[in-house]
Amino acid sequence: MLNARLNRHHTGLTLWGDGYSLRQLHGLVHSLVEQSALIEDKEGYVLGLAYDLRKAYEGQRQREVLDVGLDDRLTIYGVEILWPYILLQTGQLRQALADLPSSKLDQALLYQLEHAVESALRQVVPATAEDILQTVRQIAVSPYPQLEDALHSRCAYFVGLSPRQRLSKLHRVIETLHPAYQLVVGTGKPLQPGILPPETFPGEDEWPAFEW
């Protein structure tokens, strides 16, 4: 079973699960990335979720032992993931699965991930959560070959914000990943009030130091 806990400084969430569940999800991510025509970069940020899951169940990130009744104990493993990454990873995995043959187990695994991520998002930004999720769905079905480079620069900007700003600007950061944003920027037309201009994202190779 998967669940998510909010990170203290609002950088993202910590995804938790038992070793078996994390291994199953790891296998599904690998399979979808390999088979999906939508995910063009087979070594890119979507596959990065599989890397994080593997590091988790191998015990290289966080670990807890839970008392689950009488003499039973369960070890669970966690891994921290930034909001922009986990939102786009989950969105693209859902679209990839929609385009491929799938089993009930495949659907159940992805529903668990979506439930964990979306529940955490609604908890931390209840006013904008649905707008964020709708934007992510639109990004996931749109061809956008520069998405990974853009996502890197957005995350560099996002982690440099204060914890309070991360909450207030998460939706604004996500909407700049939409292909429509690139089209508007390309025309040189003025952006609507509140939209982050492209010069906001300098595209640093090195991210600023931050606390999870």
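None of the figures in this text is laboratory data; all of them are computed from the coordinates on show. Remember, it's a predicted structure, so these values are computed and weren't measured experimentally. In this analysis, Cβ positions are derived from the backbone assuming ideal geometry, glycine residues included, and neighbour counts consider all displayed protein chains.
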Seminar exercise, completed: Taking r as the C-beta separation of LEU191 and TYR20 and R0 as 45 Å, the FRET efficiency to the nearest 0.05 is 0.45
Exercise. Using the Cβ atoms and a cut-off under 15 Å, what net charge is assigned to the surroundings of PRO197, where Lys and Arg are +1 and Asp and Glu are -1?
Worked result: +2
For this session: Using only C-alpha positions, report the orientation-averaged shadow area of the convex hull of the stretch 43-129, nm², one decimal.
Result: 7.7 nm²
Problem set entry | Nonlocal amide H pairs with ARG63, under 5 Å, H built at 1.01 Å | GLY78
Exercise. GNM on the chain, C-alpha springs below 10 Å: top fluctuator among THR14, THR135, THR200?
Worked result: THR200
Exercise. Computed FRET efficiency, Cβ-Cβ of GLU211 and SER31, R0 30 Å: what is it to the nearest 0.05?
Worked result: 0.30
Seminar exercise, completed: Distance in nm between ALA180 and HIS9 label points, each 7 Å along Cα→Cβ, equals 3.4 nm
Seminar exercise, completed: Rounded to two decimals, the Debye log10 I(q)/I(0) of the chain (Cα scatterers, no solvent) at q = 0.09, 0.13, 0.19 Å⁻¹ is -0.36, -0.74, -1.53
For this session: Give a residue-ordered list of calculated ³J(HN,Hα) values for the stretch 181-188 (Karplus: 6.51 cos²θ - 1.76 cosθ + 1.60, θ = phi - 60°; whole Hz; x for Gly, Pro).
Result: 4, 5, 5, 5, 4, x, 7, x
For this session: Specify the inter-centroid distance of the stretch 131-195 and the stretch 60-98, based on alpha-carbon positions, in whole Å.
Result: 25 Å
For this session: Once you have the Cα-Cα distance between ASP41 and SER102, take 0.36 nm times their residue separation minus that, and quote the gain in nm to one decimal.
Result: 19.8 nm
Problem set entry | Most mobile of GLN146, GLN24, GLN138 in a GNM of the chain (Cα contacts under 10 Å) | GLN146
